[in-house]
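Every number here is computed from the coordinates shown, using simple stated rules; none is lab data. Owing to the predicted nature of the structure, the values given are computational and were not obtained by experimental measurement. Please note: Cβ atoms are built from the backbone with ideal geometry, for glycine as well, and neighbour counts cover all protein chains shown.
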Amino acid sequence: MPAFLLSSVPLDIASLRAQVLDPRAGGYASFEGWVRDHHAGRAVDGLDYEAYAALAEREGERILAEATARFDIIATCCAHRVGTLAIGDLAVWVGVSAAHRGAAFDACRYIIDETKRRVPIWKREHYREGDADWLHPMAEEA
Amino acid sequence: MPAFLLSSVPLDIASLRAQVLDPRAGGYASFEGWVRDHHAGRAVDGLDYEAYAALAEREGERILAEATARFDIIATCCAHRVGTLAIGDLAVWVGVSAAHRGAAFDACRYIIDETKRRVPIWKREHYREGDADWLHPMAEEA
Amino acid sequence: MATLTLLYFASLRERAGVASETVDIAAADLAGLYGDAQARHGFSWPREHLRVAVDGEFARWDDAPKAGSEVAFIPPVSGG
Amino acid sequence: MATLTLLYFASLRERAGVASETVDIAAADLAGLYGDAQARHGFSWPREHLRVAVDGEFARWDDAPKAGSEVAFIPPVSGG
């Protein structure tokens, strides 16, 4: 069962990666989303993530199952932070192992794209000017 | 100057990754090639990598520079093992940071594809039956 | 009268001032339930921009409200 | 007579039994140099499947051999 995890403490990349290691695997693709210091032209100091945990984990595991059915991969895992994060902190991690690299890349990209599109997690950005805003992008995000 | 590194000792992923961290980066894609336990229908016990070091590093850095010019990325690094490796060992690592994930994925894939196609490194597979062979793929590898 | 629990997240939670509330089931469907909540809290989101979930699964706006269930209104997400 | 160094890798190295050798410059171009090495060591690779490099940079088969240079014959690569 591929795992989609929410965590209120920093993600441990080494142990997440260990979940998808497999002697049959020749390729491994991973993606990390980091908190960056700007967004839409504004300086950002940090952010909060809030999730509807029950649905987020269920929808996340659905995405991982879809990727497993659609691409020729061996194992996959995704983890997303909730709570308060600083610039440079790891917000989301996706790892995929496969016999060949094409499937690993394609599945990894599918998982992060669908996670951003469908999983009920919301980001509140803290701007350097002192205000903060929940992001509710209506169009596909940049 | 993006770095293409050859190493005769195990790659340290954490310190490689640290080379491409950047506060402006929102996305990070990485690829790892692992020694797998089979190839072309034969059970594999391990392998050796040999490189023409001077040209491999130069051609590798050319590839990283091409990726930097072609995609909107912030930093990238690639490292490749030489010497004797066992099943599951990390053979090659690519990391790319970018403001947005699309460029990070595209550049990461470009770098591993071109590295496999152009960089003078050769693999000798040890088969479970006891024999061994240098691989010199003529067509695009699988 | 039968009740259910409404869950609010992100800007809806901030606007409502609560993360959840228990309400009487007055409406015939989930769309009506949102209309009532919208009027009560002054949510600016038209329903077309939201999704709705019941007990941790996505649902349809024309589903009937179930007593004792947990109904969440899902504004556009921004994880990742 | 001027000499240069030939480098062999992977299966070419195994077949030649040496990783490098210093040879007199008898040929007019790098293609001729490979032809001589091929005859000497019985390499099965036709030149069309190889690349050639001089002093750590890819070169052309019709380049003239330079005294004191390092010439490498590059069979198809298999890194990654």
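Only helices enter this figure: runs of n ≥ 4 DSSP H residues, each worth -39500 (n - 2.57), summed and divided by the residues of chain A, yield -9500 deg cm²/dmol at 222 nm to the nearest 500.
Per-residue mean of foreign Cβ neighbours for C:68-78 is 5 (Cβ atoms of other chains, 10 Å radius). With everything on Cα atoms, drop me the angle between helix C:30-41 and the longest principal axis of chain C, reported from 0 to 90° to the nearest 10. For C:30-41 against chain C, the angle is about 60 degrees.
Largest first and in whole Å, the equivalent-ellipsoid semi-axes of segment A:85-142 read 29, 14, 8, each the square root of five times a Cα gyration tensor eigenvalue. Structure remark: mean-square fluctuation, Gaussian network model of chain A, C-alpha springs under 10 Å; the largest value among A:D131, A:D48, A:D89 belongs to A:D131.
In segment D:2-74, Cα pairs under 8 Å separated by at least six residues give a relative contact order of 42 percent. Electrostatic bookkeeping for C:W61 treats Lys and Arg as +1 and Asp and Glu as -1; over the other residues with beta carbon under 11 Å from its beta carbon, the sum is -1. A crude spin-label estimate for the pair C:D55 and D:A39, with each label 7 Å from Cα along the Cβ direction, gives 8.6 nm.
Seen against the Cα atoms of chain A and their longest principal axis, helix A:53-70 is set at about 40 degrees. Taking 14 Å as the straight-line reach from the Cα of C:K66, the aspartates and glutamates in range (excluding those fewer than 8 positions away in the same chain) are C:D24, C:D29, C:D55, C:E57. Inter-part distance, segment B:28-90 to segment D:1-19, computed on C-alpha centroids, equals 25 Å. At each listed q (0.17, 0.20, 0.25 Å⁻¹), what is the log10 of I(q)/I(0) that the Debye formula gives for segment B:34-126 modelled as equal alpha-carbon point scatterers? Relative scattering, expressed as log10 I(q)/I(0), comes to -0.76, -0.94, -1.17.
A Cα-only calculation for the protein assembly as shown places Rg and Dmax at 28.0, 107 Å. Would you please state the base-10 log of I(q)/I(0) at q = 0.28 1/Å for segment C:2-74, with intensities from the Debye formula using one equal scatterer on every alpha carbon? So the normalised log intensities are -1.64. Give me the angle, in degrees from 0 to 90, between the Cα long axis of helix B:101-118 and the longest principal axis of the Cα atoms of chain B, rounded to the nearest 10. In chain B, helix B:101-118 runs at an angle near 40 degrees to the longest axis.
Only helices enter the 222 nm calculation for chain D: every DSSP H run of n ≥ 4 contributes -39,500 (n - 2.57), and dividing by all residues gives -7000 deg cm²/dmol, rounded to 500. Calculated FRET efficiency, D:A26 to B:D12, Cβ-Cβ distance, R0 = 35 Å: about 0.15 to the nearest 0.05.
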